[in-house]
Amino acid sequence: QVQLVESGGGLVQPGGSLRLSCVASGITFSIYNMGWYRQVPGKQRDLVARITSLGSTNYADSVKGRFTISRDNAKFTVYLQMNRLQPEDTAIYYCNALLASTNYWGQGTQVTVSS
């Protein structure tokens, strides 16, 4: 059974930081491309950042220079370090594992940026 379990969300003030974690089980983690997406009510789920199995990364323009995605294959974990958070970063953040046409999602973790 495949599981992606996110953690690290919460309430933070504008300008603050959070680090999200996603622990994977039931997959050969090292060969999967991993990503973080986010979604607000009534809108589509958008890519925030992605890291390939080889460690290449790409980011949404809105988070470049503020967010960093990384992975630790030994811990089956992908991270999203989020700095200089802004109210428009408020969303549910989802972890994604992708290999060819195989696609898995976590349950999501809420991030709220508010004073």
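The values are calculated or read from the model by the stated rules, or taken from the named source; none is laboratory data. Computed from a predicted model, the values in this text were never measured in an experiment. Here the Cβ is made from the backbone with ideal geometry for all residues, glycine too, and neighbour counts use every protein chain on show. Keep in mind that these areas ignore ligands, DNA and RNA; they rest on the heavy atoms of the full protein, side chains included. Shrake-Rupley method; radii C 1.70, N 1.55, O 1.52, S 1.80 Å.
Which one of these is in contact with a Ser or Thr (Cβ under 7 Å, 6 or more places away or on another chain) and in contact (Cβ under 8 Å) with a residue 40 or more places away in the chain: 27, 31?
Working: 27 fails: in contact with a Ser or Thr (Cβ under 7 Å, 6 or more places away or on another chain).
Result of the check over 27, 31: 31.
If I filter the range 98-112 for residues that are in a loop (DSSP other than H, G, I, E, B), in contact (Cβ under 8 Å) with a residue 40 or more places away in the chain and open to solvent by 40 Å² or more (accessible area, probe 1.4 Å), do I get at least one hit?
Within the range 98-112, one or more residues are in a loop (DSSP other than H, G, I, E, B), in contact (Cβ under 8 Å) with a residue 40 or more places away in the chain and open to solvent by 40 Å² or more (accessible area, probe 1.4 Å).
Considering only residues that are hydrophobic (A, V, I, L, M, F, W, C) and surrounded by 14 or more Cβ atoms within 10 Å (Cβ to Cβ), look in the range 32-46 and name the one that is farthest from residue 112 (Cα to Cα).
34
Specify which of the listed residues (27, 92) is open to solvent by 20 Å² or more (accessible area, probe 1.4 Å), of a type in the set (Val, Ile, Thr), in a loop (DSSP other than H, G, I, E, B) and in contact with a strand residue (DSSP E or B) (Cβ under 7 Å, 6 or more places away or on another chain).
From the options 27, 92, the qualifying one is 27.
What is the residue count in the range 1-24 for residues that are farther than 10 Å from residue 79 by Cα, open to solvent by 50 Å² or more (accessible area, probe 1.4 Å) and of a type in the set (A, V, I, L, M)?
2
Determine whether residue 76 is under 22 Å from residue 40 (Cβ atoms), modelled with pLDDT of 95 or more, surrounded by 16 or more Cβ atoms within 10 Å (Cβ to Cβ) and out of contact with any Gly (no Cβ under 8 Å at 6 or more places or on another chain). Lay out the reasoning, then the answer.
Values: under 22 Å from residue 40 (Cβ atoms): no; modelled with pLDDT of 95 or more: yes; surrounded by 16 or more Cβ atoms within 10 Å (Cβ to Cβ): yes; out of contact with any Gly (no Cβ under 8 Å at 6 or more places or on another chain): yes.
In short, no.
I'd like the full set of residues that are in a loop (DSSP other than H, G, I, E, B) and surrounded by fewer than 21 Cβ atoms within 10 Å (Cβ to Cβ), limited to the range 57-73.
If the condition is that a residue be in a loop (DSSP other than H, G, I, E, B) and surrounded by fewer than 21 Cβ atoms within 10 Å (Cβ to Cβ), then 60, 61, 62, 64, 65, 66 are the ones that fit.
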